[in-house]
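First the structure, in the form of structure tokens, and then the observations on it.
Taken together, the values in this text are just the output of simple stated rules run on the coordinates, not laboratory data. Only a predicted model underlies this, so the values are computations on that prediction, with no experimental measurement involved. For neighbour counting, all protein chains shown are included, and Cβ atoms are generated from backbone atoms with ideal geometry for every residue, glycine included.
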Amino acid sequence: MSHHIVSMQEVRFAYADGHAALDGVSFTIHHGEAVGLVGANGAGKSTVLLHLAGVLLPAGGKVRVGDCPVTRNTLVEVRRHVGFVFQDPDDQLFMPTVGEDVAFGPLNQHLPADEVEQRVADALGRVGAAHLSSRPPHRLSGGERRAAALATVLALHPDILLLDEPSASLDPGSRRKLIGYLRSFEHTRIIASHDLDLVLDVCERTLVLSEGRLVADGPTAELLADRELLERAGLELPLRMQPWGRPGRG
């Protein structure tokens, strides 16, 4: 499989209650890009990620990961290459210790024990969490749980990382560490977030969604400085671009 392209072509999707979550969304993302996905609540951000991970399948249009269309018959192959980091770390942490959580995925891929051990060590090391290996997840801080959840995905060696609101509920120090990790990754990264300052720090490109439609696709610094565009999408300027967020003001 080629992992150089992730794409949606005229994707449409409605939930069982009739809500049209996606209305003809199209984009192409190339290998190694870091792309922000922004929009107001209900704009369709999480629905896009769920389609790219194969959790949801489109009612119309096409989703592709590399050369592979995302269909019921290709889900096993697609999920070998896509890692999904959920908004709530508790959705990914369920074993007695962090180390066991990180090992869970590789063990279920039937990898040799020594390789699983190495993957656990490498994944925890990449997010500064090696010291958490023997700790129970429910005893961790919010930032530690976020790092552990990210490590569970990294241990699977995905080519593509999908992150849903990765900075939600983090204190400033944990958020700053997260931004450093995200910037260091070589993976293709697609980050759905209300934290527009994080998107500015990590993503060179941004997609703006509004009511299930893609309304803008371009350089992050340009789009997130466009007050009129953001207001039409139900968003505000990033904090650092607000008058009170600029040095020497207020």
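Below are the figures for this structure:
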quantity: Rounded to 5, percent antiparallel among DSSP beta bridges of the chain; calculated: 55 percent
quantity: Whole-Hz couplings from phi, Karplus 6.51/-1.76/1.60, listed for region 24-29; x for Gly and Pro; calculated: x, 7, 9, 6, 10, 10
quantity: Highest to lowest packing among 227-239, 209-221, scored as the average C-beta count within 10 Å; calculated: 209-221, 227-239
quantity: Under Karplus coefficients 6.51, -1.76 and 1.60, residue-wise ³J(HN,Hα) of region 64-80 in Hz, glycine/proline x; calculated: 10, 10, x, 8, 9, x, 7, 9, 4, 7, 10, 4, 4, 5, 4, 6, 5
quantity: Lys177/Glu115 FRET efficiency (R0 30 Å; Cβ-Cβ; nearest 0.05); calculated: 0.65
quantity: Cα pair distances of region 85-157 binned at 10 Å [whole percent]; calculated: 24, 60, 16, 0
quantity: Length added when fully stretched, Ala130-Val55, from 0.36 nm per residue minus Cα-Cα; calculated: 24.0 nm
quantity: Helical contribution to [θ] at 222 nm, DSSP H n ≥ 4, -39,500 (n - 2.57), averaged over the chain, rounded to 500; calculated: -9000 deg cm²/dmol
quantity: Stokes-Einstein D in µm²/s, Kirkwood radius over Cα pairs - region 71-198 at 10 °C with 1.306 mPa s viscosity; calculated: 108 µm²/s
quantity: Range of Cα positions in the chain per principal axis (Å), largest first; calculated: 54, 51, 34
quantity: Relative contact order for the chain, counting Cα pairs under 8 Å that sit 6 or more residues apart, in percent; calculated: 25 percent
quantity: Cut-off 16 Å (backbone N to label point 7 Å along Cα→Cβ of Arg12), residues of region 44-64; calculated: 57-63
quantity: Distant alpha-carbon pairs in region 11-138 (separation over 22 angstrom), percent; calculated: 50 percent
quantity: Counted charge near Ser174, where neighbours are those whose Cβ lies closer than 12 Å (Asp, Glu -1; Lys, Arg +1); calculated: +3
quantity: Cut-off under 5 Å, modelled amide H: who pairs with Leu214 long-range; calculated: Ser26
quantity: Cα-projected label distance for Leu239 with His30, points at 7 Å along beta-carbon direction, nm; calculated: 3.4 nm
quantity: Under 14 Å, Cβ to Cβ, from Glu33 - net charge with Lys/Arg +1 and Asp/Glu -1; calculated: -1
quantity: Cα gyration tensor, region 134-217 - rounded (a/c under 1.5), prolate or oblate; calculated: prolate
quantity: Lys, Arg +1 and Asp, Glu -1 on Cβ, resulting dipole of the chain about Cα centre, debye, nearest 20; calculated: 260 debye
quantity: DSSP beta bridges in region 148-250 [antiparallel fraction, %, rounded to 5]; calculated: 55 percent
